[in-house]
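Below is one structure, written out as C-alpha cells, with a few remarks after it.
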Amino acid sequence: MEICALLYQLGVTRNYKGFPQTVLAVELCAEQPDRLLQVTKLVYPDVARRYGTSWAAVERNIRTVSGVIWRSNPLLLNELAYVSLPQKPCPAQLLSILAASVGFR
C-alpha cells in the first residue's frame, strides 16, 4: 500500500508539516530496516536535510503525526501493529509499524 494512502486512512492529511517528512522517513525505513535501530542518527538527519530543517523538528513533526493517528484511527493503527497499543506510539515505533505495513502489503 502506498504510504500516502495509508496515512490518509489513518487520519493524517497533507496540511500537517509532518506528512511529507513521515512519508520520506517510512520510505527510508522500508528500504533499509536497519535504520530503525538508530532512528535519531540514521533517519531524522536525512529527512531534515531534504526538508531544510533540524532533526529535532522532524522528530517533533512525526510525533504530531503519531498523535493525530492516535486520536483519529487507533483501531487501524492497532491492526497494523498486530498488538493492542496501550498508548500513542513514539515516533520510532510509528515508523516501524508503518514501514512494516508498507513492506508487507
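Key figures for this structure:
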item	result
Top-ranked residue in the range 26-56 [being within 19 Å of Gln93 (Cβ to Cβ) and among the aromatic types (Phe, Trp, Tyr); ranked as least open to solvent (accessible area, probe 1.4 Å)]	Tyr44
Among the residues listed as Ile62, Ile69, the single one being in contact with a Pro (Cβ under 7 Å, 6 or more places away or on another chain) and within 21 Å of Gly11 (Cβ to Cβ)	Ile62
Single unsatisfied condition, Val23 versus (1) touching a residue at least 40 places away in the same chain (Cβ under 8 Å); (2) in a helix (DSSP H, G or I); (3) crowded, with 16+ Cβ neighbours inside 10 Å	(1)
Residue satisfying condition, being at pLDDT below 95 and either assigned to a helix (DSSP H, G or I) or at positive phi (or both), within set Gly103, Gly67	Gly103
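The values are calculated or read from the model by the stated rules, or taken from the named source; none is laboratory data. Note that the structure is a prediction, hence the values are computed from the model and not measured. When we count neighbours, we look across all protein chains shown, and the Cβ atoms used for this are built from the backbone with ideal geometry, even at glycine. Heads up: the accessible areas ignore ligands, DNA and RNA and are worked out on the full protein's heavy atoms, side chains in. Shrake-Rupley method; radii C 1.70, N 1.55, O 1.52, S 1.80 Å.
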